[in-house]
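A short worksheet on the structure shown next.
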């Protein structure tokens with residue numbers, strides 16, 4: 001009996017060893033980057049702590065990476081992880097036409113969402129039509145300027161909300177307050193009206209957690225069943241957002257508002273139709289609101305931990321705004337230290353820490369071959385913290401951007417919180433205005449301090465990993481109205 005068991009063990013081990021030799025030979029033949037040793041069935045998926053994937057993948061890149069590139073095997077499918085500015089440049093700019101596809105997580109296939117999503121569509125046909133539409137009809141300088149007064153009013157409402165909390169001596173939940181303001185600014189840009197921010201906040205936060213990691217169907221595509229219920233739940237969330245958008249479009253048609261013409265509805269053979277535009281607007285709500293509010297929350301947390309930086313940005317606001325009571329979008333260009341604070345926050349805490357791509361053709365990157373169809377993960381968090389790029393990379397130092405032309409508009413691979421290349425964030429022009437205006441308004445009008453218990457223990461900067469990497473413990477701070485603000 002014992003000998004039979006021993007024989008079985010030997011056979012199994014021999015099988016595993018032979019399989020590993022085959023995988024290793026295949027990897028060498030295909031010239032994939034190195035990575036943790038893959039096991040049968042699960043590959044090297046075991047090596048990644050998906051609850052903090054950006055940090056886990058960064059550590060693996062340091063251990064195995066050659067030129068900042070490693071391979072993670074998800075089952076029998078390779079995923080290439082890129083973790084340095086030079087490697088990112090190869091993927092996003094030099095070989096932009098090849099890895100510009102998108103990995104589609106199973107959760108986002110719900111109701112055919114990914115088939116009409118500008119986030120997931122391959123870069124052709126419908127994708128180009130959606131980007132042209134968004135650029136011309138929503139985020140062009142003329143369109144953004146036309147809705148500037150609406151965003152300015154939302155900034156005033158944010159200040160009034162904080163003033164009310166300050167008057168009652170209550171701490172302000174910075175994330176919730178700025179989420180509502182960001183949602184209102186986006187809805188004003190899209191519809192010229194406000195939506196139900198409370199419901200949308202719940203929807204966005206749950207969706208972020210649902211997409212925090214791959215499902216069983218992502219790991220094993222042959223398993224089509226929604227075993228974890230993520231696809232079903234995402235369907236509920238998407239239908240909720242669709243209902244709000246439907247209501248606004250019906251209102252616009254009823255009122256015969258004509259500020260955005262819909263010739264696309266009547267163009268025969270056009271990629272654009274009502275359902276496609278509705279999916280586009282849904283993408284904006286998922287991509288823009290929590291990312292903006294999270295950026296402001298992290299910025300406030302870092303400034304509260306660094307009083308010198310807080311005083312510098314407040315002094316700059318006092319100097320530039322003078323006796324004016326409100327900051328305006330036109331002031332942003334005259335506030336270099338505020339801009340540096342935003343850049344440094346997005347460097348340390350990119351809202352989207354991992355960006356997923358898919359090679360549309362075989363491509364050479366860093367001397368390795370990435371086969372067609374291979375998933376590619378861009379570890380933005382790791383890129384932003386490279387010690388050979390940034391002095392004291394883990395330290396909050398806005399001064400590093402003073403006198404520097406480094407920007408997050410896709411030209412400098414060491415700072416890419418909004419991506420770069422063909423798939424750079426569509427809403428970047430709006431996000432730039434929103435984040436600076438909201439953060440600057442909060443700093444101009446109020447003196448900020450931490451509650452006593454937080455002062456004693458320090459700000460909790462633990463991350464909550466999801467679609468957006470947010471603060472696990474919401475930042476609550478005391479706002480005191482400034483006499484000169």
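I want to verify the translational diffusion coefficient of the range 194-238 in µm²/s; compute it with Stokes-Einstein, Rh as the Kirkwood radius over Cα pairs, at 20 °C and 1.002 mPa s. Result for D is 184 µm²/s.
Footprinting exposure proxy ranking of 189, 276, fewest other C-beta atoms within 10 angstrom first, gives 276, 189.
Ordered by the count of other Cβ atoms within 10 Å of each Cβ, fewest first, 303, 144, 138 give 144, 138, 303.
Using bins of 5 Å that start at zero, the share of Cα-Cα pairs per bin across the range 401-443 amounts to 5, 22, 22, 23, 19, 7, 1, in whole %. Roughly how tilted is helix 2-30, in degrees to the nearest 10 and between 0 and 90, from the longest Cα axis of the chain? Around 60 degrees separate the two axes. Note on the range 36-481: semi-axes of the ellipsoid equivalent to its C-alpha gyration tensor, largest first and rounded to whole Å, are 34, 28, 21. Derived value for the range 269-396: Kirkwood hydrodynamic radius 18.3 Å. Basis is the mean of 1/r over every pair of different alpha-carbon atoms. How far is helix 274-305 tilted off the main Cα axis of the chain, in degrees rounded to 10, range 0 to 90? Here the helix axis deviates by roughly 80 degrees.
Each principal axis of the range 138-258 carries a Cα extent, and these read 52, 45, 26 Å when sorted largest first. Only helices enter the 222 nm calculation for the chain: every DSSP H run of n ≥ 4 contributes -39,500 (n - 2.57), and dividing by all residues gives -16000 deg cm²/dmol, rounded to 500.
Shape summary of the range 315-464, radius of gyration then Dmax from alpha carbon positions: 18.6, 60 Å.
Go from 0 up to the bin containing the longest alpha carbon distance in the range 57-185, width 5 Å each, and give me the % of pairs per bin. Here the calculated profile for the range 57-185 is 2, 8, 10, 11, 12, 13, 13, 13, 10, 7, 3, 0.
Computing FRET efficiency as 1/(1 + (r/R0)^6) for residue 168 and residue 128, where r is the C-beta to C-beta distance and R0 is 45 Å, gives about 0.30. Dividing the convex hull volume of the alpha-carbon atoms in the range 115-177 by its residue count gives 107 Å³ per residue.
Compared with the dominant Cα axis of the chain, that is its longest principal axis, helix 148-167 is turned about 80°.
Coordinate-derived values only; no laboratory data. Because the structure is a prediction, the values reported are computed rather than measured. No Cβ is skipped: glycine too gets one built from the backbone with ideal geometry, and neighbour counts run over all protein chains shown.
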